[in-house]
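The structure under discussion appears below in the form of structure tokens.
What follows draws every value from the coordinates through simple rules; no lab data is involved. Just so it is clear, the structure is predicted and the values come from calculations on it, not from any experiment. Cβ: placed from backbone, ideal geometry, glycine included. Neighbour counts: every protein chain shown.
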Amino acid sequence: MRTGTATIFQYATNAPVVYDSLLGTLQARRGGRQHATARATKVKAYGAIEPRASVRFSLSEGTSVKASYARTVQYLHLASKTNSPTPLDVWEPAGPYLRPQRADQVAFGVQRITPGQAWDLSAEAFVKRSHDVVDFVDGADVILNEKLETLMLQGEGVPTASNSSPAGRWDARRDG
């Protein structure tokens, strides 16, 4: 829940970003009526559960498969146009125009420990679907901008990946 003193701008059609059909781009909406909230006023409330579950089945001695699911929700967004952190980074909380970012991740994996436990072999793959991912309109200037909502867009993201790792095990008792 976002509470406290805040300056909220109100826009026509409640949309801080508009599509310019002539240029074919999204642009910041000009203007906006300023509205200040009192000290303990509820600005916007969001809530969500974040379930996590995992299972592991042994197929035989040394071989197992696993699966997991996790949902995460982030209520604070980094408003930065760089890949590395800087002292000028701005954090923007979820509010009237910026929804919390949600992500659902499903993973599957297999693990095999060879006889004598000489090798531990594993492979894992996952799919993560992100909702309300933050991006910026072209030419956005986030530094000292009090109307960040006019620069931020939200969309969907679907990264996938896989990982495999062979690992040898050294046992001092065997090597004498």
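Set the Förster distance to 41 Å, then compute FRET efficiency between Ile143 and Val106 from the Cβ-Cβ distance, nearest 0.05.
For Ile143 and Val106, the calculated efficiency is 0.60.
For the peptides 150-159, 56-65, what is the packing order when you average, over each peptide's residues, the other Cβ atoms within 10 Å and list the highest mean first?
Descending mean neighbour count gives 150-159, 56-65.
Taking R0 as 41 Å, what FRET efficiency do you get between Trp119 and Gln74 from their Cβ-Cβ distance, rounded to the nearest 0.05?
0.60
Determine, from the Cβ-Cβ distance of Leu153 and Arg129 and an R0 of 25 Å, the FRET efficiency 1/(1 + (r/R0)^6), rounded to the nearest 0.05.
0.90
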